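Please read the structure below before turning to the comments.
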Amino acid sequence: MFICLLAWYDPVENLIGLTILYRMKKSKQTLIRVYTNESKCDLDSILETLSQNTEISGLTVFRGIAGFGPHHHLHTAHLLDLSTDLPLVIEFFHTAEGVDLMIEQIHELIEQAHIVNWEVNLSF
């Protein structure tokens with residue numbers, strides 16, 4: 001992010017001011033979203049593997065409270081039930097280069113993963 005402070009004085013109006021100019025850094029990235037279940041993957045090893053990839057600029061894991069897959073078997077989280085087979089969504093930003101290879105690696109790590117991806121403009 002580029003930040004510039006501009007101090008100014010207007011002698012006619014006898015005003016002093018401060019203007020902050022900033023420009024966010026933008027880059028083209030690919031957003032990769034992986035849908036899976038807790039029972040179909042070892043989340044710790046996946047996160048360890050992905051954290052070592054320098055082309056990933058941010059990652060978040062969402063744990064669902066309910067969901068079903070192609071067999072329509074409903075998985076839910078109840079207060080009294082500590083289910084270990086809830087839906088997971090792993091979402092991260094990756095540089096445009098090497099996305100196909102990254103998706104292949106994820107398929108090797110996660111059994112029956114559903115992966116979607118699309119190009120995004122990332123601002124930070």
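The values are calculated or read from the model by the stated rules, or taken from the named source; none is laboratory data. Bear in mind the structure is a predicted one, so any value in this text is a computation, not a measurement. All Cβ positions, even for glycine, are placed from backbone atoms using ideal geometry, and neighbour counts span all protein chains on display.
Here is how the numbers come out for the structure above:
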| item | result |
| --- | --- |
| Output for the range 35-57, where each listed residue is touching a strand residue (DSSP E or B) at 6+ places or on another chain (Cβ under 9 Å), within 17 Å of Asp100 (Cα to Cα) and of a type outside the set (A, V, I, L, M, F, W, C) | Tyr35, Asn53, Glu55, Ser57 |
| Filtered residue count, the range 89-122, keeping only those that are closer than 22 Å to Arg63 by Cβ, under 14 Å from the mean Cα position of the chain (by Cα) and modelled with pLDDT under 90 | 0 |
| Failed item in (1) in contact (Cβ under 8 Å) with a residue 24 or more places away in the chain; (2) under 17 Å from Glu119 (Cα atoms), with Tyr35 passing the rest | (2) |
| Matching residues, the range 100-124, being surrounded by 15 or more Cβ atoms within 10 Å (Cβ to Cβ) and over 19 Å from Leu47 (Cβ atoms) | Leu122 |
